[in-house]
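K.L.:
Take a look at the following structure, please.
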Amino acid sequence: MRFPAGFVWGASTSAFQVEGNTTADGRGRSIWDTFSETPGNVVDGDTGEPGGDHYNRYPEDIAIMRELGLGAYRFSIAWPRVLPEGGGRVNQAGLDFYDRLVDALLDAGIDPWPTLYHWDLPQALEDAGGWPARDTAYRFADFAEVMRDALGDRVGTWTTVNEPWCAAFLGYADGAHAPGRREPAAALAAAHHLMLGHGLAAAALREGQGGTGQARRVGLVLNPTTLRPNSTDPADITAVRRADGVRNRIFHGPLFQGAYPHDVLDDLAPVSDFAFVKDGDLPIIAAPLDLVGVNFYTPHWVAASDRGIDPADIASGGDSGAYVGCEDVTFVWHGLPRTGIGWEVDPSGLYDVLTRLAGDAPGVPIYIIENGAAYPDQVGDDDAVHDPDRVAYLDGHLRAVREAMKAGAPLAGYFAWSLLDNFEWAWGYSQRFGLVHVDYATQRRRIKDSGRWYAQVARAGELPG
Ligand code: PNW
């Protein structure tokens, strides 16, 4: 199975998950510092320390990327490193880290793909209301401007927000993620302001294009998933429509059609009147994108039931309030093999996501920005990491990507999640997604079998067999 020449092969991380050094060089606090340090929120009480010490070890990590033959590296920029209070004073020492990182990547021939927001909101902005407050979207645009001025001469491809669904609904409705609030109406406002922040930031990034003459490309990263009815019962089909509304269409509508779907507004009317949508917001949100990123892990099967959503299924430990307005909807295991984190493995879910997105956002190039599988530690007696399950997961999902391309979806690249084992949010360090193993006690890196397999695929541009 060959991929076209020019297809981008990369790997991803995010700042809070790999950098560690949460108090170095004047970094301010983020909602994930506060949340993870609060007992009961993260498995084993894990926090952003030690992460993978990527803040200091990035040269070694870039050498590993070269060994893996990666063409691009997706990382995120820690807002509280750059603007410790969320806005106002710029912390030059924090900014300098990303400057060094970008230069080192370019020296190594690896394209830097920064994401501006991967969930580490400055605590000061949460204290002022967080994403449910409209002002946060404007502060985010200010941050984008600072980053454009700092890196815009060298960075070609930018993504604004990572997974607004998780940031809004796991953070503000379910509470399994920071800031751990359980306020369904506020979560809907957060989702809107994350999209508004994206639109404002995208406009800022486009200004003063290309110090190097390189065209600047701007997009965002969504995590749409496939929701399938558990039976042909019309009630189950309705359950799918409603869950799909708050998971997928609440984003696809504003971003790609410039409007919230009517049925979503109707379904959610008991929760919110959407008064936070102001005149002029939707055109900002719906401004054309140069690319759209997709993160995909697992599909879901949905049934109508008054049992409520099973907590274990959806949100790694919350009360599954993430699906706002879907209290009479349940998620059902389909009996497929599951990863260490419990997520069912089904590459056809990715095929469905991609072909649907190609229809919802016609002509916009799609990049898989994250895809991968978690397992607990797999260091063998021979001191190596043999992870055949992860190889099978990646192989199956890459085949689905290729099939979606054959069906016409404009896929242009694939980034594995993750380059390194890292802080897996509510799971802490108990689950490992890396192509590269990290021994957190010594910070020793070891390329796993999956990393060597992926390197071969990236070099050949082709799947074996
Ligand atoms: C995404 N859920 O997070 C993030 O973008 C990554 O930072 C993360 O490490 C990766 O996927 C694996 O989890 C998610 O509970 C976290 O539905 C939780 C959920 C979905 C995505």
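K.L.:
Assigning unit charges at the beta carbon (Lys, Arg +1; Asp, Glu -1) and nothing else, what dipole magnitude in debye, to the nearest 20, does the chain show about its Cα centre?
P.N.:
My answer is approximately 1200 debye.
K.L.:
About its Cα centre, what dipole magnitude does segment 117-255 give when the only charges are +1 on Lys and Arg Cβ and -1 on Asp and Glu Cβ, stated in debye to the nearest 20?
P.N.:
Dipole of segment 117-255, to the nearest 20 debye: 400 debye.
K.L.:
Where a ≥ b ≥ c are the square roots of the eigenvalues of the C-alpha gyration tensor, would you call segment 373-415 rounded, which needs a/c under 1.5, or, failing that, prolate if a/b is larger than b/c, or oblate?
P.N.:
Numbers: a/c = 4.08, a/b = 3.55, b/c = 1.15.
Prolate, because a/c is 1.5 or more and a/b exceeds b/c.
K.L.:
Stretch residue 92-residue 412 to full length: gain in nm at 0.36 nm per residue minus the Cα-Cα span?
P.N.:
Length gained between residue 92 and residue 412: 111.7 nm.
K.L.:
On the Cα set of segment 384-465, report Rg and Dmax in Å, please.
P.N.:
14.3, 46
K.L.:
How large is ³J(HN,Hα), in whole Hz, for each residue of segment 226-236 in order, when computed from phi with the Karplus curve 6.51 cos²θ - 1.76 cosθ + 1.60 and θ = phi - 60°, using x for Gly and Pro?
P.N.:
Here the 3J(HN,Hα) series is 8, 10, 10, x, 6, 7, 8, 4, x, 5, 5 Hz.
K.L.:
Still on this structure, I have one more. When a/c is below 1.5 the answer is rounded, else prolate if a/b is larger than b/c, else oblate, so apply that to segment 1-132 with a ≥ b ≥ c taken from the square roots of the Cα gyration tensor eigenvalues.
P.N.:
Numbers: a/c = 1.95, a/b = 1.70, b/c = 1.15.
Prolate shape, in that a/c is at least 1.5 and a/b is the bigger ratio.
K.L.:
Rounded to the nearest whole Å², what accessible area per residue is found for segment 56-105 with the 1.4 Å probe?
P.N.:
Per-residue value: 33 Å².
K.L.:
Further question on the same structure: Using the Cα gyration tensor of segment 161-309, with a ≥ b ≥ c the square roots of its eigenvalues, what is the shape: rounded (a/c below 1.5), prolate (a/b larger than b/c) or oblate (neither)?
P.N.:
Since a/c reaches 1.5 and a/b is larger than b/c, the shape of segment 161-309 is classed as prolate.
K.L.:
In whole Å, what are the Cα extents of the chain along the three principal axes, biggest one first?
P.N.:
So the three principal-axis extents are 53, 52, 46 Å.
K.L.:
Okay, moving on. Give me the dipole magnitude in Debye, nearest 20, for segment 45-154 about the Cα centre, with unit charges on the beta carbon: positive for Lys and Arg, negative for Asp and Glu. Please list the in-between numbers first.
P.N.:
Working: 10 positive and 20 negative charges, 46 e Å.
Result for segment 45-154 is approximately 220 debye, rounded to the nearest 20.
K.L.:
Which net charge results when you count Lys and Arg as +1 and Asp and Glu as -1 among the other residues whose beta-carbon is under 9 Å from that of residue 192?
P.N.:
Overall, the nearby charge balance is 0.
K.L.:
If you don't mind, another one. With label points built 7 Å along Cα→Cβ from the Cα atoms of residue 266 and residue 383, find their separation and express it in nm.
P.N.:
It is 6.5 nm.
K.L.:
Now a separate question. Could you give the distance between the Cα centres of segment 126-150 and segment 74-113, to the whole Å?
P.N.:
About 16 Å separates the Cα centre of segment 126-150 from the one of segment 74-113.
K.L.:
Can you give me the relative contact order of segment 381-465 as a percent, contacts being Cα pairs under 8 Å and 6 or more apart?
P.N.:
That works out to 31 percent.
K.L.:
At residue 232 and residue 67, where each label point lies 7 Å from the Cα along Cα→Cβ, what is the point-to-point distance in nanometres?
P.N.:
5.4
K.L.:
Suppose R0 equals 41 Å. What FRET efficiency, 1/(1 + (r/R0)^6) with r the Cβ-Cβ distance, do residue 215 and residue 128 give to the nearest 0.05?
P.N.:
0.70
K.L.:
When the Kirkwood hydrodynamic radius is evaluated over all pairs of different C-alpha atoms of segment 54-145, what value in angstrom, to one decimal, is obtained? Don't skip to the end; give the middle numbers.
P.N.:
On the way: mean 1/r = 0.0702 Å⁻¹.
For segment 54-145, the Kirkwood estimate is 14.2 Å.
K.L.:
With Cβ to Cβ distances under 10 Å as the rule, what net charge do the other residues near residue 150 carry (K, R +1; D, E -1)? Each step should come with its number before you reach the end.
P.N.:
Numbers: positive: 148, 154; negative: 96, 99, 145, 149, 153.
Spelling it out: positives minus negatives among the neighbours equals -3.
K.L.:
Next question. Among DSSP beta bridges whose residues both lie in segment 254-396, state the antiparallel percentage, nearest 5.
P.N.:
Just about 55 percent of them are antiparallel.
K.L.:
Which of 291, 380, 165 sits closest to the plus end of the dipole of the chain, meaning its Cα is farthest towards the positive end, when Lys and Arg get +1 and Asp and Glu get -1 on the C-beta?
P.N.:
291
K.L.:
Which listed residue (300, 5, 447) has the Cα farthest towards the positive end of the charge dipole for the chain, taking +1 on Lys and Arg C-beta and -1 on Asp and Glu C-beta about the Cα centre?
P.N.:
Looking along the dipole axis, the top candidate is 5.
K.L.:
Going 7 Å from the Cα of residue 452 toward and past its Cβ, which residues in segment 61-81 have a backbone nitrogen under 14 Å from where you end up?
P.N.:
68
K.L.:
Turning to a different aspect of this structure: So in the chain, what percent of DSSP beta bridges are antiparallel if you round to the nearest 5? List each step's numbers first, then the result.
P.N.:
On the way: 13 of 48 bridges.
Among the beta bridges of the chain, antiparallel pairing accounts for roughly 25 percent.
K.L.:
Give me the one-decimal nm value for the distance between modelled label points at residue 275 and residue 154, 7 Å along each residue's Cα-to-Cβ direction.
P.N.:
About 4.8 nm, to one decimal.
K.L.:
Please compute the contact order of segment 354-424 in relative form: average sequence separation of alpha-carbon pairs under 8 Å and at least six residues apart, divided by the residue count, as a percent.
P.N.:
Relative contact order, segment 354-424: 52 percent.
K.L.:
Right, here's the next one. For segment 217-256 and segment 157-198, compute the distance between their C-alpha centroids and round to whole Å.
P.N.:
Between the Cα centres of segment 217-256 and segment 157-198 lies a distance of 16 Å.
K.L.:
Still on this structure: From the residues 434, 136, 412, which one has its Cα farthest along the dipole of the chain in the positive direction, the dipole being from +1 and -1 charges on Cβ of Lys/Arg and Asp/Glu about the Cα centre?
P.N.:
In the chain, that residue is 412.
The values are calculated or read from the model by the stated rules, or taken from the named source; none is laboratory data. Everything quoted here is computed from the prediction, not taken from an experiment. Backbone-built Cβ (ideal geometry, glycine too); neighbour counts: all protein chains shown. Note: areas computed on protein heavy atoms with side chains; ligands, DNA, RNA excluded. Shrake-Rupley method; radii C 1.70, N 1.55, O 1.52, S 1.80 Å.
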